[in-house]
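These notes concern the structure reproduced below.
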Ligand SMILES: [Zn+2]
């Protein structure tokens, strides 16, 4: 847990299960969710409705869990917890956003029934701006995780290594990985 980097309001957890609640899917984390501020185990409180859009215009409403921190001295009260396939403040799924950023979206698949494209070229352009706006922060954050928690030396902090580029080159899943590390460590990307 990285302390002192601000409180994020939306941890992202891996391996959520989605349960069919009759026309709507409800997400449940499989493991304990720790408070991003005080690290105490949080308690499931309820679920909140959220939209989920996929390439081609298909959209669903899902329910994501809200957890509460029972530590009275902690400023965190109730927070939403996202499954790894969702990105804070974005309607499209994380794999759709990642494919768009990597220019891997199939144009035919993005075509909607009325002939427009979903995601639109404008949305994709916004995502490119979003990731480049956060690039320096992501690299610095991942280096600091490597230094503080994974035993890498101070050389890593000082190096010009572009960790984000390395992760992207390693293949699918990079956006979900970096978001999980950042959001679940008590920090966040600039929306
Ligand atoms: Zn707390």
Of (1) modelled with pLDDT under 90; (2) part of a loop (DSSP other than H, G, I, E, B), residue 156 fails just (2)
Look at residue 109 and say whether it is more than 18 Å from the chain's Cα centre (by Cα) and part of a helix (DSSP H, G or I). yes
Considering segment 68-83, residues that are surrounded by 21 or more Cβ atoms within 10 Å (Cβ to Cβ) and within 18 Å of residue 188 (Cα to Cα), and then whichever is nearest to the ligand (Cβ to nearest atom), we arrive at 79
| query | Hey, does segment 18-27 have a residue that's at pLDDT 90 or above, in a loop (DSSP other than H, G, I, E, B) and farther than 11 Å from residue 79 by Cβ? | reply | yes
Picked from segment 30-49 (must be away from the ligand (no atom under 16 Å from the Cβ) and modelled with pLDDT of 95 or more), the residue nearest to residue 100 (Cα to Cα) is 49
Residue 117 passes all but one of the listed conditions (1) more than 19 Å from the chain's Cα centre (by Cα); (2) crowded, with 17+ Cβ neighbours inside 10 Å; (3) closer than 30 Å to residue 28 by Cβ; the exception is number (3)
* Given the structure, is residue 97 closer than 25 Å to residue 25 by Cα, at pLDDT 95 or above and either surrounded by 15 or more Cβ atoms within 10 Å (Cβ to Cβ) or within 16 Å of the ligand (Cβ to nearest atom) (or both)? -> yes
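What about residue 65, is it touching a residue at least 12 places away in the same chain (Cβ under 8 Å), surrounded by 12 or more Cβ atoms within 10 Å (Cβ to Cβ) and assigned to a loop (DSSP other than H, G, I, E, B)?
No.
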Residue 137: passes all of (1) assigned to a helix (DSSP H, G or I); (2) surrounded by 17 or more Cβ atoms within 10 Å (Cβ to Cβ) but (2)
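The values are calculated or read from the model by the stated rules, or taken from the named source; none is laboratory data. Computed from a predicted structure; not experimentally measured. Note that each Cβ is placed from the backbone with ideal geometry, even for glycine, and that neighbours are counted across all protein chains shown.
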